[in-house]
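Read through the structure below, which is laid out as structure tokens, and then see the notes.
The values are calculated or read from the model by the stated rules, or taken from the named source; none is laboratory data. This structure is a prediction, so every number in the text was calculated from the model and none was measured. As a convention, Cβ positions derive from the backbone with ideal geometry for all residues, glycine included, and neighbour counts pool all protein chains shown.
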Amino acid sequence: MTVQLPDRATDPSALLAPSSPELAALLEAIGAESAVRERDRIAPYEQIDLLRAARFGALRVPVEFGGAGTSLRETFRLIIALASADSNVAHILRSHFAHVEGLLRATDPAKRERGLREAAAGRITAGAATELGSHKVGAESLASTLRRDGDGVLRLNGVKYYSTGSLYADALMFTALDDDEKLTAVVVPADREGITLEDDWDGLGQSLTGTGTTRLEDVAVEDGELLDLHLHEDGSFPRCGVLQLYITAVIAGALRNAANDAVELVRSRAGRPFAHAGAERPAEDPLLQEGVGELVSAAYAAEAIVLRAAEAQDVEADSVADGLPDPELADQASLEAAQAKVVVDQIALAATARIFDLGGASATKRERNLDRHWRNVRTLSTHNPLLYKAQAIGDLSLNGTPLPPNWFF
């Protein structure tokens, strides 16, 4: 796969404009055979390498550090475009973009600049915080530890799950409890001795994201690899609307991909209309036209909702001082991300199921793999279930009850 990329060193914005031919070529290359890759479980290493070479992960890195300096709204527009080419590939980069947002809030100037320049150079970061167990999901109670051994070396031990993107990354982030039982986080090279990545994710969708188990056994960590954590006084993480809206953006992109497939499906049906169809050619059948119109409109609405919520994320990000955003703006950004999720999840699940009404039984053939759109949306939508989001929004609206103080809300 060959894609001609402009020299980002001399023109850092060359790939970023949604209408640029360079970006169109990059997305076309990533989208090529994406349905086949997912059907046959072919990992998208080559596609991630294209994004690494294009330094796509440097979108949010300020220009002075070698990045593009895009707003969150523009970044989310491009994430949606990437997800419309391949939702697995877009999902793989979620932790990376979260890491960059963390670096933008770092209070240690040296760590901030070093991390941002590494991202600008194309380094991709992934990792995992979640652990399986009986504790509440999202709680900062961890079994993973970061302790100093007898020689004074920091050693990381534990087992993480939902390690999305780690198989494809250059560096990995992990959370753990230090010697004082305080929450800490590190970022280490992905090939560091003691790290074992297992591709054991068996979910019904997003099958190529590498969302599996990571085992950490006496992994050596340098003091300079500790990350700045900006925690509230009670030790909890601040809200992170950006991280939550990212998933909804991937869903919006998957829906756009489904709409594009719906258009192609009806166009490709040269004949064999139903006996009582309203036209000889499927593309001229008013019922099928209506169905395609609904899908295309659903994709438009989902994208518009995400971009509207992204504006609140920009306002929150612009308010950051000493590593923490304005609390009221953080609450508003999280609220808008949650509202976007509630609606986009429902739109996308209904629309991606509707595609089969446009093609009859042949649309269900495995070679077409059209069911991947619903499976991927269904899997993505389970991140922080809709019911809990909707209930909290309703309680806030009716009773003024603050949103749950979880970092993932």
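Some values worked out for this structure:
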read-out	value
Unmet requirement for W374, which otherwise passes all of (1) aromatic (F, W, Y); (2) assigned to a helix (DSSP H, G or I); (3) in contact (Cβ under 8 Å) with a residue 24 or more places away in the chain; (4) in contact with a Pro (Cβ under 9 Å, 6 or more places away or on another chain)	(4)
The one condition in (1) in contact (Cβ under 8 Å) with a residue 60 or more places away in the chain; (2) polar (S, T, N, Q); (3) exposed (fewer than 15 other Cβ atoms within 10 Å of the Cβ) that S207 fails to fulfil	(3)
Answer residue from segment 179-199, given it is modelled with pLDDT under 95 and touching a strand residue (DSSP E or B) at 6+ places or on another chain (Cβ under 8 Å) and is nearest to A83 (Cα to Cα) among those	A185
Any chance A190 is of a type in the set (G, A, S), surrounded by fewer than 22 Cβ atoms within 10 Å (Cβ to Cβ) and within 18 Å of Y45 (Cα to Cα)	yes
Enumeration of residues in segment 278-316 that are buried (at least 22 other Cβ atoms within 10 Å of the Cβ) and over 25 Å from A340 (Cα atoms)	P282, L288
Unmet criterion (only one of (1) in contact with an Asp or Glu (Cβ under 6 Å, 6 or more places away or on another chain); (2) crowded, with 18+ Cβ neighbours inside 10 Å) for T401	(2)
Identity of the residue in segment 329-354, buried (at least 24 other Cβ atoms within 10 Å of the Cβ) and closer than 11 Å to L295 by Cα, that ends up nearest to the chain's Cα centre (by Cα)	A348
Entirely in segment 70-128, the helices (runs of 4 or more DSSP H) that have 2 or more residues that are within 23 Å of T213 (Cβ to Cβ) and either touching an Asp or Glu at 6+ places or on another chain (Cβ under 9 Å) or outside the structural domain of L172 (by TED's automatic domain parsing) (or both)	87-92, 94-104
Residue match in segment 251-263 (condition: assigned to a helix (DSSP H, G or I) and among the acidic types (D, E))	yes
Qualifying residue in segment 166-176 (condition: more than 17 Å from H96 (Cβ to Cβ) and part of a loop (DSSP other than H, G, I, E, B))	no
Scope segment 207-259; condition more than 27 Å from N369 (Cβ to Cβ) and touching a helix residue (DSSP H, G or I) at 6+ places or on another chain (Cβ under 8 Å); matching residues	T214, G224, L227, D228, P238, R239, C240, G241, V242, L243, Q244, L245
